[in-house]
Amino acid sequence: MMVPVILGVFVVAFLLARVIPANPALMVVGLQSTAAEVHAEELALGLNLPLWLQMWHFLLAALHGNFGLSIVTGQPVLTDLAQRFPATVELTVASVVIAVAVALPLGILSALYKDSWIDWLAHVISLTGVSMPLFWLGLLLIMVFYSALHLVPAPLGDLGVLYAQPPPITHILVLDALLEGRWAVFWSSLRHLILPALALSTGTISVLMRMLRASMLDVLRHDYIRTARAKGASAWHVYMVHTLRNALVPVVTIFGLQLGYLLGGAVLVETVFNWPGVGSYVTSAILASDYAPVEVFALLSAVLYSVINLCVDVVNAAIDPRITYF
Amino acid sequence: MVRLTLPPPRRQKFWSRYRMLAVGLGIVGFWVLVALFAPLLSPYAPNVPDMSARLAMPSLQHLLGTDEYGRDLLTRIFFGARLSVFIAVASTLAAIAVGVPIGIYAGYRAGLAGEALMRVMDVFLAFPSLVLALAIGAAIGPGLTGELLAITLVSVPTFARQAYAGTVATKHLPFVESARATGAGVGRLIGRHLLPNMFGPLLVISTLNLGFAVLTGASLSFIGLGVPLPTAEWGSMVSDGSQYLVSGQWWMSLFPGLAIMTIVFAFNLVGDGLRDLADPRMRRSRSLSDAV
């Protein structure tokens, strides 16, 4: 099922790039060039070929990892994206860690104490979380924690200007600094990371918390929970082992869907915090009318998203032995 | 001794059940009124610069302060409400107009064409929604058309899937079969039997989609893919204000963002409330995931 969808994704990305009003040949040779030069470039880029043939060439080139050049940086888009990808991974993983750390306890508590004040609090938090524009939340955090309280450094990237990037091991800054024992760099990068990660985590917190609550409530109604309690199992054991594990299946599914949302959110959050990741790269490409990076980003996020959702199915089968796919 | 407890009075129960819905409807109503009567609500014009009042703090003259051109922020938020409500309603209606027929056709005819249409919807769903909206918006270029088209195209698959599921679930039920047996045509079957039965879920999705549309529109406008300046649009107002955040002019970003948040919050409340109304078993469960 995944292969035709991904082929479709290629087609959509290709067609989107052809919608742009600007002539790609003109963008390559420059506005000062003659009509003959533009025509020659059109031939070189294959723009005179029938659309389906162009699409085929695009697919072949993409399968060889050739996605074209970025007009702004002059580099292959894939090289640019690869350079910036670790920073986005760092941000996304940090936001997921925060989201799980907040959503797991709150979701469990609001299910166990349904209709209590904590349930209401969790409900309000989750509703606010999905209603807040991410970019605005990022700005609010900067306003409070940087401008007013001076608790974090200026929102200008992932490391203070005084520090040199540590030699890459994993390419993930916080991790590299930690592995090499550069504590000053580690501390600086962590302080740069905390606000954007917090901003990006809100949507995930909301969704995970509500899903976990609903799913826990669903499981808690089952007879085997009452049986386990009646047989003398402790409340902790029943809630954490019998209930939570069974409640996790839909939560993991929604979590997979949420990772796609994080890729979109990263564009906004990275732009606000000048984070040197894929998202801010895409924004600057959009502002410069440089479409290739946007196209490739959309394409690769769809592919990544599909792969993640495939992984989710595998994880679910591991959590719940009743789920089989074969 | 038998102790009898009386159930609470009916009206009170109704209120506690639909409190969220009522609050949500109230906020939505507020913004709709603001959008309708924006020119009457403020003595200022939204786009006329007044350099003498540049970057003024919130005060009695300018309740929410002014921006870098001295334009009254509250007035611009009022006029921004017009754009946000329009974008939300127009893109959602367009998505319904495209998505629901696709879903019903694919579900009812169950042929190769319908199957192909639903696979196309799957392809669109394979993109993270904001990423796809950005890609479409960037392809078409900044402006209202691009923004509307981006939000609509991203929303269509949701409606198509819902209509498809609704059609497949009802088309073999006895009342539909008997209507067909008594000679009802396709139009009548769909209009009188299939559509009314999926009205509830579609209404819920539509409401949640309104919130999604406001949020996506604001995000596009924040990135620079919105309606060009000097038109007041909430997302670009937040973006403009962000340049002045560190120098202390906090109001320029704060208030437009607050406007976005309240209206999206309200649409989510109404969507959740309607879902409870339509299906009490689903009370406060898997609703938010659709909205993001």
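The values are calculated or read from the model by the stated rules, or taken from the named source; none is laboratory data. Source: prediction; values computed, not measured. For neighbour counting, all protein chains shown are included, and Cβ atoms are generated from backbone atoms with ideal geometry for every residue, glycine included. These area figures cover heavy atoms from the full protein model, side chains too; ligands, DNA and RNA do not enter into them. Shrake-Rupley method; radii C 1.70, N 1.55, O 1.52, S 1.80 Å.
Tabulated data
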{"quantity": "Only Lys, Arg (+1) and Asp, Glu (-1) charged, at Cβ; chain A dipole about Cα centre in debye", "calculated": "1280"}
{"quantity": "Charge dipole of the protein assembly as shown about the Cα centre (unit charges at C-beta), most positive-ward option of B:V214, A:Y291, B:T145", "calculated": "B:V214"}
{"quantity": "Reciprocal mean inverse distance between Cα atoms of the stretch B:71-154 - Kirkwood radius, Å", "calculated": "14.6"}
{"quantity": "Accessible area expressed per residue, the protein assembly as shown, with surrounding protein chains retained (probe 1.4 Å, Å²)", "calculated": "47"}
{"quantity": "Residues along the stretch B:218-259 losing 40 Å² or more of accessible surface when the other protein chains are present rather than the chain by itself (probe 1.4 Å)", "calculated": "B:F222, B:I223, B:L245, B:V246, B:L254"}
{"quantity": "Kyte-Doolittle at least -0.5, axis length at least 18 Å by Cα - qualifying DSSP helices, chain B", "calculated": "B:10-36, B:73-109, B:112-126, B:144-170, B:195-223, B:251-278"}
{"quantity": "Efficiency of FRET from Cβ geometry, A:A318 and B:L173, R₀ 35 Å, rounded to 0.05", "calculated": "0.40"}
{"quantity": "Chain B, relative contact order [Cα under 8 Å, separation at least 6], %", "calculated": "23"}
{"quantity": "Amide H partners (placed H, <5 Å) of A:L69, local residues excluded", "calculated": "A:V77"}
{"quantity": "Those chymotrypsin sites (Phe, Trp or Tyr not before Pro) in the stretch B:54-103 that DSSP places in a loop and that have at most 12 other beta carbons within 10 Å", "calculated": "none"}
{"quantity": "Dipole magnitude of chain B, debye to nearest 20 (Cβ charges: Lys/Arg +1, Asp/Glu -1, about Cα centre)", "calculated": "1520"}
{"quantity": "With every protein chain in place, the protein assembly as shown: carbon and sulfur % of accessible area (1.4 Å)", "calculated": "69"}
{"quantity": "Surface accessible to a 1.4 Å probe, A:L287 within the full protein complex, Å²", "calculated": "110"}
{"quantity": "Convex hull per residue volume in Å³, alpha carbons only, for chain A", "calculated": "185"}
{"quantity": "Check: the stretch A:83-275 dipole with +1 on Lys, Arg Cβ and -1 on Asp, Glu Cβ, in debye", "calculated": "600"}
{"quantity": "Tail weight of P(r) past 15 Å, computed on alpha-carbon pairs of the stretch A:94-201, percent", "calculated": "70"}
{"quantity": "Chain-alone versus full-assembly comparison, the stretch B:106-147, residues with accessible loss of at least 40 Å² (1.4 Å probe)", "calculated": "B:V123, B:A126, B:F127, B:P128, B:L130, B:V131, B:L134, B:A135, B:A138, B:A139"}
{"quantity": "Largest to smallest principal axis extent of the C-alpha atoms in the stretch B:14-173, angstrom", "calculated": "67, 48, 23"}
{"quantity": "Positive-end extreme of charge dipole, the protein assembly as shown - chosen from B:M20, A:L104, A:F273 (charges on Cβ)", "calculated": "B:M20"}
{"quantity": "Where A meets B: accessible area buried, both sides, 1.4 Å probe, Å²", "calculated": "4400"}
{"quantity": "Principal axis dimensions, largest first and in whole angstrom, of chain B by Cα", "calculated": "75, 70, 32"}
{"quantity": "Placed amide H near A:T170: partners under 5 Å, 5+ positions off or other chain", "calculated": "A:D176"}
{"quantity": "Computed helical MRE - 222 nm, chain A, DSSP H runs ≥ 4 contributing -39500 (n - 2.57), nearest 500", "calculated": "-23500 deg cm²/dmol"}
{"quantity": "Solvent accessible area, Å² - A:E41, 1.4 Å probe, full protein context", "calculated": "40"}
{"quantity": "Kirkwood Rh (inverse of mean 1/r, distinct Cα pairs), the stretch A:83-275, angstrom", "calculated": "18.2"}
{"quantity": "Viscosity 1.567 mPa s, 4 °C: Kirkwood-radius Stokes-Einstein D of the protein assembly as shown over Cα pairs, µm²/s", "calculated": "49"}
{"quantity": "Range in chain A, longest, excluding exposed trypsin sites (Lys or Arg not before Pro) [loop by DSSP; at most 14 other beta-carbon atoms within 10 Å]", "calculated": "A:1-113"}
{"quantity": "Charge dipole (the stretch A:83-275, unit charges on Cβ, about Cα centre) - positive-most of A:L195, A:L151, A:T227", "calculated": "A:T227"}
{"quantity": "In Å², nearest 10: area of B:D50 left accessible to a 1.4 Å probe", "calculated": "60"}
{"quantity": "Shielding score for A:8-20, defined as the mean number of other chain Cβ atoms within 10 Å", "calculated": "4"}
